[in-house]
Amino acid sequence: MHQPVKKNMNIFLPTDENLLRAVSVLKSGGVISFPTETVYGLGADAFNPKAVACIFEVKKRPFFDPLIVHIASLEQINMLVSDVPASMNRLAERFWPGPLTLIFKKKESVPDIVTAGLDTVAVRMPSHPVARRLIELLGSPIAAPSANRFGSISPTEAIHVREQLGNSVDMIIDGGPCEIGIESTIIKINGDSAELLRPGGVPLELLSEELAAIHVIDQTSMVEAPGQLPYHYSPVTPVKLVNRISSDDIEHANYAFLFFKKPELPIDDRRAFILSQSGDLREAATNLFSALHRLDKIGADVILAEHVPGHGLGRAIMDRLLKASNKSKRGAV
Ligand code: TXA
Ligand code: MG
């Protein structure tokens with residue numbers, strides 16, 4: 001039958017039977033969590049406004065923060081958008097399926113609750129086979145933000161979803177750890193100009209091969225995508241960003257440490273995490289949110305996190321670390 005992995009838990013393996021069950025939950029207006037290659041999503045039928053409202057409720061997310069709509073095939077984009085500009089087509093062809101979200105003018109029929117009343121809709125075609133299968137079986141796009149509580153660390157494993165959202169979600173489909181581990185890059189194109197609304201899984205350098213100029217939006221001044229708040233992705237423990245963790249720092253018994261690569265310092269594995277032994281940015285991105293989840297649990301006074309190089313996926317990692325540390329400065333969310 002539909003056996004959860006463990007008793008009293010709403011975590012299910014992605015068997016055909018469980019995916020069919022998830023689809024019937026979606027069809028009846030429920031909310032499920034599912035794996036994507038970036039982070040776990042919290043999905044509902046994008047054309048069911050009541051179900052989409054449940055996403056906001058479960059996440060405690062303000063209604064002014066629009067959602068990304070996930071599709072499984074290029075045909076499905078026609079359900080959301082009337083006109084796909086040539087430049088967007090090029091990006092979709094090269095980067096879909098994958099960690100890129102594109103902003104389009106929306107069709108009337110896309111519910112306002114999905115787009116927070118904006119006349120645009122964010123669309124992404126994930127590459128994760130479980131996400132794709134779910135969308136295909138539903139036969140319709142799935143609206144899904146990351147499956148964390150608003151402002152908290154994004155989930156890259158089913159257990160992270162369970163820890164944050166508990167039984168408030170009908171089913172959590174466990175597809176194992178997310179391969180990319182950091183959210184999609186969000187790009188908006190207006191005529192000749194392209195804007196990077198959020199750095200993510202597709203590095204800016206690759207997008208630059210397809211677009212003449214990309215304007216990197218300063219997210220502290222962003223009005224259009226209110227979800228891009230300057231504080232986000234935050235553990236409960238305050239996060240402090242430093243260039244390098246020093247030998248003085250590691251003397252603090254109540255600190256936790258997030259190293260980019262293997263340091264030349266003696267470290268205590270119980271309160272330190274190395275994102276990538278060799279300093280590989282891809283591996284660092286994959287491990288980032290898991291590391292924050294883990295370090296947040298040890299009850300440290302502060303998590304000292306090291307800068308990573310700002311190129312490639314490093315741009316997205318630094319964005320998430322900065323936002324995590326901003327919350328600590330503001331004491332907000
Ligand atoms: O990798 C991802 O993108 C993951 C997986 C689940 O697909 N999703 C994700 O969703 O990160 P979420 O809701 O956590 O972040 C989506 C961001 C929000 O900050 C929101 O403001 C922005 O996308 N967004 C959504 N619709 C938009 C629109 N029409 N214009 C500008 N920004 C938009
Ligand atoms: Mg999110």
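Numbers for the structure displayed
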{"read-out": "Top positive-direction residue, dipole computed over the chain with Cβ charges, set N254, L102, A305", "value": "N254"}
{"read-out": "Considering only the chain, percent of DSSP beta bridges that pair antiparallel, nearest 5", "value": "40"}
{"read-out": "Table column - 3J(HN,Hα) (Hz), segment 178-184, Karplus curve with 6.51, -1.76, 1.60, x for Gly and Pro", "value": "6, 5, 8, x, 9, 5, 5"}
{"read-out": "Mean Cα-pair separation over length for the chain, i.e. relative contact order, pairs under 8 Å, 6 or more apart, %", "value": "19"}
{"read-out": "In segment 63-119, GluC sites (Glu not before Pro) in a DSSP loop with at most 15 other beta-carbon atoms within 10 Å", "value": "E108"}
{"read-out": "In Hz, Karplus ³J(HN,Hα) per residue of segment 207-217 (6.51, -1.76, 1.60; θ = phi - 60°; x = Gly, Pro)", "value": "5, 5, 5, 9, 10, 4, 9, 10, 8, 8, 6"}
{"read-out": "Accessible area (Å², per residue) of segment 244-333, counting only protein heavy atoms and a probe of 1.4 Å", "value": "49"}
{"read-out": "Residue-by-residue Karplus 3J(HN,Hα) for segment 236-242, coefficients 6.51, -1.76, 1.60, Hz, glycine and proline x", "value": "5, 5, x, 10, 10, 8, 9"}
{"read-out": "Size of charge dipole - segment 239-330 - debye, nearest 20, with Cβ of Lys, Arg +1 and Asp, Glu -1, no other charges", "value": "480"}
{"read-out": "Heavy-atom accessible surface of the chain: percent carbon and sulfur, 1.4 Å", "value": "51"}
{"read-out": "Mean ellipticity per residue at 222 nm, deg cm²/dmol - from DSSP H runs of n ≥ 4 across the chain, formula -39500 (n - 2.57)", "value": "-8500 deg cm²/dmol"}
{"read-out": "15 Å beta-carbon shell around D192, net charge (K/R +1, D/E -1)", "value": "0"}
{"read-out": "Segment 262-293: trypsin sites (Lys or Arg not before Pro) in DSSP coil with no more than 13 other Cβ atoms inside 10 Å", "value": "R270"}
{"read-out": "DSSP beta bridge pairing in segment 239-330, given as percent antiparallel to the nearest 5", "value": "0"}
{"read-out": "Using alpha-carbon coordinates, inclination of helix 281-296 to the longest axis of the chain, degrees", "value": "70"}
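The values are calculated or read from the model by the stated rules, or taken from the named source; none is laboratory data. From a predicted model like this one, the values you see are computed outputs, not experimental measurements. Note: ideal-geometry Cβ built from the backbone for every residue, glycine included; neighbour counts use all protein chains shown. Remember, those area values only see protein heavy atoms, side chains included, never the ligands or the DNA or RNA. Shrake-Rupley method; radii C 1.70, N 1.55, O 1.52, S 1.80 Å.
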